[in-house]
Amino acid sequence: MDEDNVVDINMKDAPACGRCFMLVARYAPQVDAPTGTYHRECFEAWYFGRFGRRPRLYADGSRHLYQVRDKAA
Ligand SMILES: [Zn+2]
């Protein structure tokens, strides 16, 4: 965890992770899935547990926001 990146984050507007229910920081690695927002690590762990493989994630013009292209998700 790089502490330097979390100093100025306003957590008021942060969504809650759909898996661990902790807030997802604005600039934290996260996945924008049809079912909600997840930490990237949470999403990968959930997806791997369900489908037995890693999700196919695509960065959407930034380094921290990913979208999943699998129909299964
Ligand atoms: Zn999470």
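Taken together, the values in this text are just the output of simple stated rules run on the coordinates, not laboratory data. All figures in this text were calculated on a predicted structure; none of them were measured in a lab. Don't worry about glycine lacking a Cβ; one is built from the backbone with ideal geometry, like all the others, and counts go over all protein chains shown.
Which one, Tyr47, Pro29, Ser62, is farthest towards the positive end of the dipole of the range 15-62 when Lys and Arg carry +1 and Asp and Glu -1 on their Cβ?
Tyr47
Mind listing the long-range amide H neighbours of Val24? Cut-off is under 5 Å, sequence gap 5 or more, other chains count too, H placed in the peptide plane at 1.01 Å from N.
Ala16, Cys17
Using the Kirkwood formula on the Cα atoms of the range 15-62, what hydrodynamic radius do you get, in angstrom to one decimal?
With all distinct Cα pairs of the range 15-62 included, I get 10.9 Å.
May I ask you to sort Asp60, Asp32 by Cβ crowding, counting other Cβ atoms within 10 Å and putting the fewest first?
By the 10 Å Cβ count, ascending, the order reads Asp60, Asp32.
Please list 3J(HN,Hα) in residue order for the range 22-36, calculated via the Karplus relation 6.51 cos²θ - 1.76 cosθ + 1.60 where θ = phi - 60°; whole Hz, with x for glycine and proline.
Values per residue, Gly and Pro as x: 8, 5, 9, 4, 4, 9, 6, x, 8, 10, 9, 9, x, 8, x Hz.
Placing +1 at every Lys and Arg Cβ and -1 at every Asp and Glu Cβ, with all other atoms neutral, what dipole size does the range 15-62 have around its Cα centre, in debye to the nearest 20?
It comes to approximately 160 debye.
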